[in-house]
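Colleague: Okay, here's the structure, questions in a sec.
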Amino acid sequence: MSAFVVTAVILGLAALGYHLGRGRARGLVSNGSGTARLHSLPGYHGGYVALWCALPAFGLLALWLALEPAALRYQTLSTLGDQVDGLAPERVELLYNDIRNLAAGTATSRAPDAGLKAAADSHARLEALLPWALLVVASLLAVAGLLYGRRRLTPAFRARNAVERSLRWILIASSTIAVLTTIGIVLSLLFEALRFFDKVPLAEFLFGLEWSPQTALRADQVGSSGSFGAVPIFAGTALISLIAMLVAVPVGLFSAIYLAEYAKRRVRDVVKPVLEILAGIPTVVYGFFAALTVAPQVRGFGEAVGLDVSSESALVAGVVMGIMIIPFVSSLSDDVITAVPRSLREGSYGLGATQSETIRQVVLPAALPGIVGSILLAVSRAIGETMIVVMAAGLAANLTANPFQAVTTVTVQIVTLLIGDQEFDSPKTLAAFALGLVLFAITLVLNIVALVIVRKYREEYD
Amino acid sequence: MSLPDDTTPPEAANMIVARDVDVHYDDKQALFGVSLDVVGGNVTALIGPSGCGKSTFLRCLNRMNDVIEGCRVSGRIEIEGEDIYDRSLDVVQLRARVGMVFQKPNPFPKSIYDNIAYGPRIHGLAASRGELDEIVERSLVRAGLWDEAKDRLRQPGTSLSGGQQQRLCIARAIAVDPQVVLMDEPCSALDPIATARIEELIDELRQNYTILIVTHSMQQAARVSQRTAFFHLGYLVEVGTTEQIFTNPHDSRTQDYITGRFG
Amino acid sequence: MTETTAPSRPAPRAKRSGRLARRYAAERRFRAYGIAAIALSITFLLLLFGSILNQAWSALQQTRIGLDIHFDAALLDPDGTRDPAILAKADYGALVKKAWRERFPEVRKRRDKRALRRLLSVGAPYELAAMASADPGLIGTTQRVWLTASDDVDMWLKGKLAEGGGKRAKIGAKALGWLTMLRDEGRLERQFNSAFFTAGDSREPELAGVWGAVAGSFFTLVVCLGLAFPFGVMTAVYLQEFAPRNRWTDLIEVNTNNLAAVPSIVFGLLGLAVLLNFAGLPRSAPLVGGIVLALMTLPTIIIAGRAALQAVPPSIREAALGVGASEMQVVLHHVLPLAMPGILTGTILGAARALGETAPLLMIGMVAFIVDIPADFTDPATALPVQIYLWADAPERAFAERTAAAILVLLGFLVCMNLAAVMLRRAFEQRW
């Protein structure tokens, strides 16, 4: 990759710039009358030159990489002349793809004519030329920056302040990445979801009772011929999350209470990390456990007692997911329970209440907002969990509340809709983004509500 | 660095000149129009009850208040005739000229040597390894720590006792050769014996540095300082020679404080 | 709690003791619930590990069949050149056939012969080729060679194949007879399964290994840490040490906390939409997987970094400022080095999470069937957890034990990383 080479060259030049700048700063004082004193250490002068050398060049590199594909495409298509005019955008896309394949020497979808060959030749020439052009231009810019930075060095020059200012801007820039990620998530989900809602009405998606996206794959059934009613998916997600919470909340909460109120320090120091192992196990391992160990057992047990248990039942996925979530509930609840001030407990003991009475009637009510917050976080975790349900829950979108039947979830559908499918315009793939948007929105709301509740609670006892 | 004497305005014969210094923390005013002249080559003690603004004033002198969010300083403070709140002044160089020793000893978690060498290194005061060694030794000698520390320069500064740590911090402050050393209750975390050592040290350092010390202990102020300033509720009540303040205060509040009626 | 009045003293006391007994019973019950909950969690954990270990251990061994192979010079190298190119192209399948014929001359029918050959893996001729290329001196000699058996034979010997008759049986009655004979002759052995640790993926369970997935995970993790660590630390430093408290920094903070809780699959969707479809980066590449995981790990590192920076006492900052260090020097010379162990601990834990992450990698196509071991950041690759997912889905019985073994490999890496984090924390724990 040429970008790597260019990066290496720029970094090399920057290192040279550092060396030259530092040397020049030392020269400035030793040649002078001796009274001249540097404002900043020589190293900062070097750093200043290196920054002038590297930053503009890296800026150019980024800009170049962003614009290169578009420029290449424009230049190549313009060699075809009026052949492109009036073609539908998809056809142009296909044509351009062919030119690129031809240039790369791989198979094309049509027999190449002379014009196409010429275009492919020019494309190949340009593609070979551009990395070299980039290297030359970037190096020139780096050298120019180096010379400019070096010229500005004087004994009184505040190189340290200049370098620190740049560093601070670099820090600020990097702190925006997290925000840009969120914006990227929202925009990409929203953009693709809107394209989906162009083809499938929003009301049908939100309130429709039938989900069978596969039919849309058939060539003669373009558009909204598949049914995209997401209610069964939402219901399935809710069912599995509910089962998971039925396992995780009692077990997690009672573990937390025991560890926070009853357990001796040594027991606590051992049990807490052991419980946290459950949170550290990759979810794909839980998926394997659910699908290959628990599911056959449950199915066999169901057969033995005469129940019809699907091999991909909601029960198995939910229970295993619940196990995974236990530590989330327990460690968050543990924190809020220990945050309840001692004075409250002592007030209750002073009245002659037993420990469990104190916990039930004083500690838990006081900790309730925090516990609710932690449960909400756990719910959001359950809804967003993917691998367990992909491996252990079903694909069929059944609208049922029977935990022994197979149901499907939002995350399962996203995975099945997108795996192995290259076509990016069909409602089938776009539906995955609509589901992703719903998932993102729900988990975001749950997280924000939970964080607000927990924070309010913390403030109360701080 | 210092200006030629003939251009020095008469008022600035004093090392530090503060005029009408107000300090606000957000909405709360902590100092009200403090004007104080500090004579060079002296120890000036700042005394007063807790929360009277003496530490706040001390921190104005090397602009340590800059790092506290919501803190605003107005008025004029000059050191050797140079306005230290001037926009063009480099605060980092100011702090090299005005060193500081803090309430609790706060050595860096590095070796004794590196603790002292840090300042000279960032200010580029030593051209060679040998010069740096010299600076470290000189600073430790001046801080009266050389005999105890010379064989353990590579050990962490935190391995010293509390009193030694504080002397290490003093050595660290004087290693960059400041003109002024600010001490914010330097003995408050120390036992009486260690305190006596620091007080002796302060008296010796007076020959080379202008020292301002904030202290809670009036005996300490009387023992180490030549001049004393009394602060109360954010106002500078009275300033004069230590002898005058302790024997013949002009203000009744000063009188009440030094006789122990409040504070 | 209990109201007593002087005249009727005895009765309430009796009542009270009954009541007290009930209260203490409730107390004991409540306590028992707590113990039961913890016991249940630990049982789950043991069950999980137990079932995986139980399935995984047998994957460490692979059944091999010892055949007397005659490395026939006339067949392999008729001109006697010992040219590696010729040796590589020779028909080693014929050697295997001949060896079978010599061992079981009574098998004549074509169908039976095919069944006989199916006892060995399809990879067996390649094993012979590798042997001959490595040591041309073998040519012309006859050797007892241990060749990899097929997965069905492997499962049969490990007792994991239900020995049902009928047409649907994996191993027919005749084949069972041959196998029993071979076993009695000592030609059937379980040997260490080295292919599992050195090979890439394969359709044949007996040839499949995790090395390709490990390499893919390695490249992905390098990209992930290479991006997430510097940017995470820089962000944490800015937010904790320099940023003014205003709306913008509040926004960054809230946003970081929320990003840490966004489902991982959403990051996969982001990668698919932006990195693959918009920026045109290659599918299935560790580069893309690493970028996606980096975005996912970034909030973890930022949060851990800020906590570590916050734990550095302000007295250190004051001391450095007091000798005239600039704010940037205070951070770079003092605060950041002191916070580094904490930051590294958080980073390792974040990396461990990224290593076990599967869902986002499915979205960006790292789920393909890839036989070759990736050698570069842009080679198509898969990752260890994805490999587990793929094998768990495979119908062959023999893949189940390999999936469990791959899980053990993954858990082994995770345990090492977590141990490293714990040790780091212990070694640099500082009390202020």
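This table checks each residue for (1) at pLDDT 90 or above; (2) surrounded by fewer than 14 Cβ atoms within 10 Å (Cβ to Cβ); (3) at negative phi.
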position: B:Met64; (1), (2), (3): no, no, yes
position: B:Glu69; (1), (2), (3): no, yes, yes
position: B:Val91; (1), (2), (3): no, no, yes
position: B:Ile135; (1), (2), (3): yes, no, yes
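Colleague: Within the group A:Val309, A:Val329, A:Val320, which residue is in a loop (DSSP other than H, G, I, E, B) and more than 22 Å from C:Arg397 (Cα to Cα)?
Modeller: Going through A:Val309, A:Val329, A:Val320 in turn, just one is in a loop (DSSP other than H, G, I, E, B) and more than 22 Å from C:Arg397 (Cα to Cα): A:Val309.
Colleague: Going residue by residue through segment C:411-422, is there one that turns out to be closer than 28 Å to C:Ala273 by Cβ and facing chain A (nearest Cβ under 9 Å)?
Modeller: Checked against the condition, which is being closer than 28 Å to C:Ala273 by Cβ and facing chain A (nearest Cβ under 9 Å), segment C:411-422 yields no hits at all.
Colleague: Look at segment C:202-251 and say how many of its residues are without any contact (Cβ under 8 Å) to a residue 60 or more places away in the chain, assigned to a helix (DSSP H, G or I), in contact with a Ser or Thr (Cβ under 9 Å, 6 or more places away or on another chain) and farther than 27 Å from C:Gly356 by Cβ.
Modeller: 2
Colleague: Counting only residues that are farther than 23 Å from C:Leu424 by Cα and within 8 Å of chain A (Cβ to nearest Cβ), how many does segment C:347-364 have?
Modeller: Residues that pass the stated criteria total 5.
Colleague: More than 12 Å from chain A (Cβ to nearest Cβ), crowded, with 21+ Cβ neighbours inside 10 Å, assigned to a loop (DSSP other than H, G, I, E, B) and free of Cβ contacts under 8 Å to residues at least 40 places away in the same chain, is that true of C:Val312?
Modeller: So C:Val312 fits the description; yes.
Colleague: Among the residues in segment C:124-131, are any in contact (Cβ under 8 Å) with a residue 60 or more places away in the chain and either in contact with a helix residue (DSSP H, G or I) (Cβ under 8 Å, 6 or more places away or on another chain) or surrounded by 17 or more Cβ atoms within 10 Å (Cβ to Cβ) (or both)?
Modeller: no
Colleague: Checking C:Val254 against (1) assigned to a helix (DSSP H, G or I); (2) within 13 Å of chain A (Cβ to nearest Cβ); (3) touching a strand residue (DSSP E or B) at 6+ places or on another chain (Cβ under 9 Å): exactly one of these is not met. Which one?
Modeller: Looking at each condition in turn, C:Val254 falls short on (3).
Colleague: Report the residue count in segment C:74-125 for those that are outside any helix (DSSP H, G or I), under 20 Å from C:Asp152 (Cα atoms) and of a type in the set (D, E, K, R).
Modeller: Final tally of qualifying residues: 1.
Colleague: Got a number for residues in segment B:239-263 being within 12 Å of B:Ala45 (Cβ to Cβ) and not in a helix (DSSP H, G or I)?
Modeller: Number satisfying all stated conditions: 3.
Colleague: For residues that are more than 14 Å from every other protein chain (Cβ to nearest Cβ) and part of a helix (DSSP H, G or I), tally how many sit in segment A:189-206.
Modeller: Of the residues in that region, 8 qualify.
Colleague: Can you tell which of A:Ile375, A:Ile371, A:Ile359 is at negative phi, touching a residue at least 40 places away in the same chain (Cβ under 8 Å) and facing chain C (nearest Cβ under 10 Å)?
Modeller: Only one candidate qualifies: A:Ile359.
Colleague: Moving to a separate point now. So which of C:Thr403, C:Thr382 ends up being crowded, with 17+ Cβ neighbours inside 10 Å, in a helix (DSSP H, G or I) and either touching an Asp or Glu at 6+ places or on another chain (Cβ under 6 Å) or not small (Gly, Ala, Ser) (or both)?
Modeller: C:Thr403
Colleague: From the list A:Val163, A:Val186, A:Val179, which residue is within 19 Å of C:Leu298 (Cβ to Cβ), touching a residue at least 40 places away in the same chain (Cβ under 8 Å) and either within 14 Å of chain C (Cβ to nearest Cβ) or of a type in the set (D, E, K, R) (or both)?
Modeller: A:Val186
Colleague: If we only count helices (runs of 4 or more DSSP H) wholly inside segment A:222-306, which ones have 3 or more residues that are among the hydroxyl-bearing types (Ser, Thr, Tyr)?
Modeller: Of the helices (runs of 4 or more DSSP H) lying wholly inside segment A:222-306, those with at least 3 residues that are among the hydroxyl-bearing types (Ser, Thr, Tyr) span A:231-257.
Colleague: Here's a follow-up. Within segment C:375-401, how many residues turn out to be touching a residue at least 12 places away in the same chain (Cβ under 8 Å) and either touching a Phe, Trp or Tyr at 6+ places or on another chain (Cβ under 6 Å) or not assigned by TED's automatic domain parsing to the domain that holds C:Pro263 (or both)?
Modeller: Selection size over segment C:375-401: 3.
Colleague: A follow-up question, please. Would you please list the contacts, defined by Cβ atoms under 8 Å and residues six or more apart or on different chains, that run from a residue in segment B:92-105 that is more than 7 Å from chain C (Cβ to nearest Cβ) to a residue that is of a type outside the set (A, V, I, L, M) and assigned to a strand (DSSP E or B)?
Modeller: Taking only residues 6 or more apart or on different chains, the pairs are B:Val101/B:Asp184; B:Gln103/B:Asp184.
Colleague: A further question follows. Check segment A:145-153 and report whether any residue there is on the phi < 0 side of the Ramachandran plot, among the aliphatic types (A, V, I, L, M), at pLDDT 90 or above and surrounded by 16 or more Cβ atoms within 10 Å (Cβ to Cβ).
Modeller: yes
Colleague: Look through segment B:71-89, keep the residues that are surrounded by fewer than 20 Cβ atoms within 10 Å (Cβ to Cβ) and within 14 Å of chain C (Cβ to nearest Cβ), and return whichever of them is farthest from B:His24 (Cα to Cα).
Modeller: Restricting to residues being surrounded by fewer than 20 Cβ atoms within 10 Å (Cβ to Cβ) and within 14 Å of chain C (Cβ to nearest Cβ), the top hit is B:Leu89.
Colleague: Are any of the residues in segment A:40-58 under 19 Å from A:Leu129 (Cβ atoms) and either in a helix (DSSP H, G or I) or at pLDDT below 90 (or both)?
Modeller: Checking segment A:40-58: not a single residue is under 19 Å from A:Leu129 (Cβ atoms) and either in a helix (DSSP H, G or I) or at pLDDT below 90 (or both).
Colleague: Do we find that C:Ser58 is within 14 Å of another protein chain (Cβ to nearest Cβ), hydroxyl-bearing (Ser, Thr, Tyr) and part of a helix (DSSP H, G or I) in this structure?
Modeller: Judged against the criteria, C:Ser58 is not a match.
Colleague: Still on this model: Looking at (1) more than 9 Å from every other protein chain (Cβ to nearest Cβ); (2) under 16 Å from C:Pro360 (Cβ atoms); (3) assigned to a helix (DSSP H, G or I); (4) out of contact with any Gly (no Cβ under 8 Å at 6 or more places or on another chain), which one does C:Leu281 not meet, given that it meets all the others?
Modeller: Exception for C:Leu281: condition (3).
Colleague: Sticking with this structure for a sec: For segment A:271-303, which positions are among the β-branched types (Val, Ile, Thr) and facing another protein chain (nearest Cβ under 10 Å)?
Modeller: A:Val271, A:Val274, A:Ile277, A:Ile281, A:Thr283, A:Val284, A:Val285, A:Thr293, A:Val294
Colleague: So, one more: Suppose the filter is within 11 Å of chain C (Cβ to nearest Cβ) and at pLDDT 90 or above; does A:Ala353 pass it?
Modeller: So A:Ala353 does not fit the description; no.
Colleague: Hey, another quick one. Does C:Ser58 count as surrounded by 15 or more Cβ atoms within 10 Å (Cβ to Cβ), in contact with a strand residue (DSSP E or B) (Cβ under 9 Å, 6 or more places away or on another chain) and under 30 Å from A:Phe288 (Cα atoms)?
Modeller: It is true that C:Ser58 is surrounded by 15 or more Cβ atoms within 10 Å (Cβ to Cβ), in contact with a strand residue (DSSP E or B) (Cβ under 9 Å, 6 or more places away or on another chain) and under 30 Å from A:Phe288 (Cα atoms).
Colleague: Picking from A:Thr429, A:Thr408, A:Thr416, A:Thr386, which residue would you name as being touching a strand residue (DSSP E or B) at 6+ places or on another chain (Cβ under 9 Å) and among the hydroxyl-bearing types (Ser, Thr, Tyr)?
Modeller: Sole residue among the options that is touching a strand residue (DSSP E or B) at 6+ places or on another chain (Cβ under 9 Å) and among the hydroxyl-bearing types (Ser, Thr, Tyr): A:Thr408.
Colleague: OK, next. Of the numbered conditions (1) over 17 Å from B:Arg97 (Cβ atoms); (2) in contact (Cβ under 8 Å) with a residue 12 or more places away in the chain, B:Val181 satisfies every one except a single condition; which is it?
Modeller: Against the list (1) over 17 Å from B:Arg97 (Cβ atoms); (2) in contact (Cβ under 8 Å) with a residue 12 or more places away in the chain, B:Val181 comes up short only on (1).
Colleague: Go through B:Gln219, B:Gln255, B:Gln226 for me and flag whichever is surrounded by fewer than 19 Cβ atoms within 10 Å (Cβ to Cβ) and closer than 25 Å to B:Glu80 by Cβ.
Modeller: Of B:Gln219, B:Gln255, B:Gln226, the one residue that is surrounded by fewer than 19 Cβ atoms within 10 Å (Cβ to Cβ) and closer than 25 Å to B:Glu80 by Cβ is B:Gln226.
The values are calculated or read from the model by the stated rules, or taken from the named source; none is laboratory data. Being a predicted model, the structure only gives us computed values, none of them experimental. FYI the Cβ positions are ideal-geometry reconstructions off the backbone, even for glycines, and counts take in every protein chain you see.
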